[in-house]
1. Got a sec? How would B:Ile77, A:Ile67, A:Ile9 order by Cβ neighbour count within 10 Å, fewest to most?
2. Residue by residue through A:51-57, how many Cβ atoms from other chains fall within 10 Å of the Cβ on average?
3. What's the FRET efficiency of A:Asp96 with B:Thr248 using the Cβ-Cβ distance as r and R₀ = 60 Å, to the nearest 0.05?
4. Residues of B:136-142, mean number of Cβ from any other protein chain within 10 Å of their own Cβ, rounded to a whole number?
5. Beyond 20 Å between alpha-carbons counts as too far, so tell me which of B:Lys191/B:Lys231; A:Lys51/B:Lys174; A:Lys86/A:Lys117 fall in that bin.
6. What's the local net charge at B:His277, with K and R +1, D and E -1, over the other residues with C-beta under 14 Å away?
7. As an exercise, use a Förster radius of 60 Å and the Cβ-Cβ distance of B:Thr100 and A:Lys117 to find the FRET efficiency, rounded to the nearest 0.05.
8. First select every other residue whose beta carbon is under 15 angstrom from the beta carbon of A:Ser22; then total the charges, Lys and Arg +1, Asp and Glu -1.
Amino acid sequence: MASSRLERIGSIYTRVRGLLRSGAMKQEDKPIWYDVYEAFPPKIEPFHGRKVPDIAVRNILYPEDIIRAKFYERYGSSGQISLTNKYPTPCQNFLDKYREMEKDYADENELFEAVVKVLQEEKSMFSSNEQQSRDTSMASMFTSVNKEISQKSKINIANVLSEK
Amino acid sequence: MEYEAAVKGRLKLKGTANKDIQKKLKKKNKEKAKNDGESSKTKEQNETPQSYKQPVVKTKAQLKFEQMKEEQQKKRILEKASKTHKQRVEEFNRHLDSLTEHFDIPKVSPGNLNATALKVNQPTELKESELKEITNPLRFPDYFGVRNLFRLKDLFDAKVHYGHKDGTLHPNMKPYIFGSRLGHIIFDLDKTTELLQDALNFTAHIAYKGGIILFVSHYPQHTLTVENAAKEAGEYAHAREWDFHLLTNSEKIYKGVTRLPDLIIMVSTLNPQMQEHTAVRDAAKMCIPTIGIVDSNSNPNLITYPVPGNDDSPTAVQLYCNLFRDAILLGKSKKSEIPSS
């Protein structure tokens, strides 16, 4: 049975089609995928030397990025953020507040300072425990888990040893 | 008086034998006769009338040829007389009935209206009489319901849209990219869903036709995932080091006649050295179609059905393996449902 190993010339489809047309490959030897390929051809033919249009890769930026940049410039990053934690990050909290208070202020810098004040007041109102549970850093995830375990088990090793 | 200037003698026509020539011949013959010892005059007299005509003597080969011709003609006449026209027509009709309906134009009659591609999952709702009319799954855009296997959100949750960084971007991947977020490539999931649906559909059809499917991946982290998926699908996997001659010189490696896979699904098109996996080029060489998950640093050109997406995250790889396994199982299940014509 004939076959064509020239991967740089045409695609697998054009080569097999050529073999069938010329009679080098008999119709009985037609590969299984040939009919399926003809019924559902790929969106782009798989040619080796196919030229791809040179599309510029665009930068993904949002209007909130300016606010985020200012926030991180002042307060720095809080470390690695856990993507699986569903609570909003400090930066996200800031952004939400910023959006709320946007209508009242005209100047950006004024608005920024005002939001900072409001959030600091809110922070002092929260108790320390709640604050920790809403912590979104990676490190906190481990400490919170450790705390949960220690709270659940409530086994005092000294007691266990003293029983004996 | 006037005729004195006339040329006397025979007409010297071109092409015919001439007395002068005959004279020359005479001389030649005389010389020959002297050598041979035969009378030249008698030969001359015989030759001159004959030189006007074609030679009548036929060679042995010619005689035989004519004999064969006559025999063949007799045979042909007997053959044509053996069957009547009616008999021939009946035979031809029988031959036509034995051909497949693959090349037919799809029939839409009141009888099979509910069986045409208005719905996606049909075979289970058909009557037996209609089953015979619908024999070819290739006519339907989504015979196996492969589009229902996943949603765009599933891709997003599995982190399929994350690519590598700007610097490692392969120029041929640019059409599939949504953009770059602070240096990280993000895939356009709309395009990914479309291409993934095509790939799954192709897989299901190949499985339906009984093709051998090979899962290939050389990412050590995902070896178990890929091999399990292949096991569950009842197909094959090669998630270890790839021998160069596996596809191109298989008969020597396996020491026997081998049947090569009919489809190769590459869960990652790169090898641990960050170069294009040999299987991509070898499959193209051996005319085997490939489906490949191409990350932002891979070249999609040689892959028949590329699927742009993340090939590094375990969640993404698990999702791909599950989807392909399900597509294969769907294809195989439909094989047992409908009897092949």
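1. On the way: B:Ile77 10, A:Ile67 20, A:Ile9 13.
Starting with the residue having the fewest Cβ neighbours, the order is B:Ile77, A:Ile9, A:Ile67.
2. On the way: counts 3, 10, 3, 2, 5, 2, 12.
Per-residue shielding by partner chains comes out at 5.
3. On the way: r = 60 Å, r/R0 = 0.99.
Working from the Cβ atoms, E equals 0.50.
4. Details: counts 2, 2, 5, 1, 1, 2, 1.
Counting Cβ atoms of other protein chains within 10 Å of each residue's Cβ and averaging gives 2.
5. B:Lys191/B:Lys231; A:Lys86/A:Lys117
6. Details: positive: B:Arg240, B:Arg281, B:Lys285; negative: A:Glu7, B:Glu241, B:Asp243, B:Glu276, B:Asp282, B:Asp295, B:Asp311.
Net of charged neighbours comes to -4.
7. After rounding, the FRET efficiency stands at 0.15.
8. Details: positive: A:Arg15, A:Arg17, A:Arg21, A:Lys26, A:Lys30; negative: A:Asp29.
Once all neighbours under 15 Å are counted, the net charge is +4.
Read-outs throughout are calculated quantities, based only on the coordinates presented, and are distinct from any laboratory measurement. Quantities reported herein were computed from a predicted structural model and do not represent experimental measurements. Neighbour counts run over all protein chains shown; Cβ positions are idealised from the backbone, glycine included.
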